[in-house]
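Derivation of every value follows stated rules applied to the coordinates shown; laboratory data play no part. Just so you know, these numbers come straight off a predicted model, no measurement behind them. In this analysis, Cβ positions are derived from the backbone assuming ideal geometry, glycine residues included, and neighbour counts consider all displayed protein chains.
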Amino acid sequence: MSDYRPIACIDHERLEFAALTRQQLTVSVDGLSMRVLPLDIYTREGAEWMLAKTESGEHLTLRLDKFELDASST
């Protein structure tokens, strides 16, 4: 059983829309704020994930309930 906590539907929609329209977002992971380009939103191992690219070109895989989405980033 996964300890994943589903995120708010509106945040999930914002992430999917950003991935579809190739819009960068600002997210906060462990207190570190960064701009990312969402590439894909998907489900794996009982949780939802985002594949994203940072401004430096690094690819990250982030679990959706482990980061904060900046409210003004779209």
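Here are the numbers for the structure shown:
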read-out: Residues of the range 30-74 that turn out to be of a type outside the set (A, V, I, L, M) and in contact with a His (Cβ under 9 Å, 6 or more places away or on another chain), as a count; value: 2
read-out: Hey, Arg35 more than 9 Å from the chain's Cα centre (by Cα) and surrounded by 12 or more Cβ atoms within 10 Å (Cβ to Cβ) or not; value: yes
read-out: Residues satisfying the stated conditions in the range 51-74, i.e. of a type outside the set (Phe, Trp, Tyr), assigned to a loop (DSSP other than H, G, I, E, B) and under 25 Å from Cys9 (Cβ atoms); value: Asp70, Ala71, Ser72, Ser73, Thr74
read-out: Output for the range 10-40, where each listed residue is under 15 Å from Glu55 (Cα atoms) and free of Cβ contacts under 8 Å to residues at least 12 places away in the same chain; value: Leu32
read-out: Filtered residue count, the range 19-32, keeping only those that are among the small types (Gly, Ala, Ser) and within 12 Å of the chain's Cα centre (by Cα); value: 2
read-out: Condition met for Thr43 (free of Cβ contacts under 8 Å to residues at least 12 places away in the same chain and either assigned to a strand (DSSP E or B) or touching a strand residue (DSSP E or B) at 6+ places or on another chain (Cβ under 8 Å) (or both)); value: yes
read-out: Any hit, the range 45-66, residues being more than 12 Å from the chain's Cα centre (by Cα), surrounded by fewer than 16 Cβ atoms within 10 Å (Cβ to Cβ) and basic (Lys, Arg); value: no
